[in-house]
Structure formats: structure tokens, C-alpha cells
1. Looking at (1) assigned to a loop (DSSP other than H, G, I, E, B); (2) surrounded by fewer than 23 Cβ atoms within 10 Å (Cβ to Cβ); (3) at pLDDT 95 or above, which is the one condition that is false for LEU59?
2. Filter the strands (runs of 3 or more DSSP E) completely within region 104-210 down to those with at least 2 residues that are surrounded by fewer than 19 Cβ atoms within 10 Å (Cβ to Cβ), touching a residue at least 12 places away in the same chain (Cβ under 8 Å) and of a type in the set (Val, Ile, Thr).
3. I need every pair where a residue in region 28-55 that is buried (at least 22 other Cβ atoms within 10 Å of the Cβ) has its Cβ under 6 Å from the Cβ of a residue that is assigned to a helix (DSSP H, G or I) and among the polar types (S, T, N, Q), sequence separation at least 6 or different chains.
4. Only residues that are in contact with a helix residue (DSSP H, G or I) (Cβ under 8 Å, 6 or more places away or on another chain) and either in a loop (DSSP other than H, G, I, E, B) or without any contact (Cβ under 8 Å) to a residue 60 or more places away in the chain (or both): list them for region 1-13, please.
5. Just one of the numbered conditions (1) out of contact with any strand residue (DSSP E or B) (no Cβ under 6 Å at 6 or more places or on another chain); (2) surrounded by fewer than 22 Cβ atoms within 10 Å (Cβ to Cβ) is not true of PRO96; which one?
Amino acid sequence: MSQLFVVHPSNPQPRLMKQAAQFLQAGAILAVPTDSSYALVARLDDRHAAEALRKLRGLDDRHHLTVLCRDMAAISQFARVDNAQFRLLKLATPGPWTFILEASREVPRRVSHPSRKTIGVRVPNHPVTLALLELAEGPLLSTTLIPEGEEYPLNDPVEIRERYEHRLAAVIDAGACALEPTTVIDLTGATPQIVRRGLGDPETLGLSHD
């Protein structure tokens with residue numbers, strides 16, 4: 001059965017977070033809370049992480065996975081960002097946004113989109129996720145925890161543990177979070193394109209809903 005780490009949502013216990021980070025170091029997949037919904041995460045440098053995450057979600061290799069970063073500096077390491085993109089990212093982060101950008105050479109080929117060589121990046125605004133990123137000493141590969149064949153993400157850690165008890169190493173329980181995934185914006189074209197509307201309101205970034 002999956003390990004359950006029950007932590008305070010705004011001040012997670014360091015001992016428990018260190019134990020959760022050790023699961024990641026060992027190559028495990030965890031379910032963690034974010035500022036949008038619960039997500040599945042693994043170490044970016046784990047050779048089997050991308051395949052395992054896609055298998056859990058029932059996704060093919062053309063679905064963008066997301067690199068969770070601690071800050072803007074980490075984003076610039078894993079994605080190519082020009083000045084206009086940087087300004088938009090700075091306005092939006094941290095927050096419930098995923099931005100699709102051209103992947104840098106630091107991103108393994110197995111992780112980026114196979115034909116476009118792009119990657120999703122984001123900086124979450126959740127103390128638990130940020131604490132885990134700090135302890136992991138590097139970015140995490142992630143995907144929204146939407147069960148295969150379903151439309152909405154899961155946000156109840158107890159239900160997540162029950163449904164994935166033999167497929168996840170651990171679940172970090174910080175209570176329920178939002179039921180909406182992030183808003184996804186593609187920045188690889190001439191103008192930003194809203195790919196998926198989620199928790200983030202595009203108008204707060206000066207972008208139209210249309």
C-alpha cells in the first residue's frame with residue numbers, strides 16, 4: 001500500500017517532507033498537492049519517469065509533461081525564454097499556469113514532445129510542493145492527476161491512495177486542493193495561445209479568453 005504522509009498545508013513538517021523526498025530519490029512516483037489540483041511527480045533525471053507517468057495517466061508521448069521548477073532561474077535552465085516570454089512568466093509565477101516553451105538541451109529527449117521539442121514548465125504556488133522541490137534539489141517531472149478516461153483531476157488524498165495504492169509509492173496529504181488543472185499557454189508561436197483553460201484567469205495576464 002502507498003505510504004501516506006499527512007502534512008500541514010502551509011507549514012509542512014520537515015521530517016515528513018524529507019521522507020517523501022527520499023522516495024523520489026529512489027525513483028518512485030508520488031501524488032502531491034499543488035495550487036491547482038493533485039499531481040503525479042517523479043525526478044526529471046529518472047530514466048523511467050516519463051514512461052511511468054504516461055502509463056499511469058493513459059497518455060501517449062505526444063502529451064506534454066510538465067517540469068515543476070522552484071523559481072524563474074530554474075525555468076530558464078530547462079526552457080529557452082526570450083524577453084517577452086520572460087516578462088509574461090514573471091507576471092504569472094508562481095501560480096496555476098503551465099507554459100509550453102522550446103525545451104533546452106538540459107531536458108532529456110524522452111521527456112519533451114517528440115516532434116516539436118517543446119516542454120511544459122511551471123512554478124507552483126503551494127508550500128508543500130515548493131518544499132518538496134527544495135529537498136529534491138532539482139526539478140520534478142509532473143502531470144495532473146486525472147484518472148484515465150475521466151475529465152476532472154482528483155483532489156482527495158485518501159481517495160487517491162485508495163485508487164492508486166498499488167501504483168504509487170506515496171501520497172502527500174495536505175488536505176483537499178482545487179479541482180481545476182492549470183491553465184496551459186503555448187508561448188512557442190508569434191502570440192500566446194491558450195491551449196487549456198483552467199484555474200488561472202488569462203485576463204490577469206492581459207490575455208483574452210477568446
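1. So LEU59 meets the others, but not (3).
2. Values: elements: 118-122, 140-144, 170-173, 183-186, 193-196.
Answer list for region 104-210: 193-196.
3. Close Cβ pairs satisfying both conditions: VAL32/THR129; THR34/THR129.
4. Those that are in contact with a helix residue (DSSP H, G or I) (Cβ under 8 Å, 6 or more places away or on another chain) and either in a loop (DSSP other than H, G, I, E, B) or without any contact (Cβ under 8 Å) to a residue 60 or more places away in the chain (or both): MET1, SER2, VAL7, PRO9, SER10, ASN11, PRO12.
5. Just one mismatch for PRO96, condition (2).
The values are calculated or read from the model by the stated rules, or taken from the named source; none is laboratory data. Predicted, not measured: the structure shown is a model, and the values here were computed from it. Cβ coordinates were reconstructed from backbone atoms using ideal geometry, including for glycine residues, and neighbour counts include every protein chain displayed.
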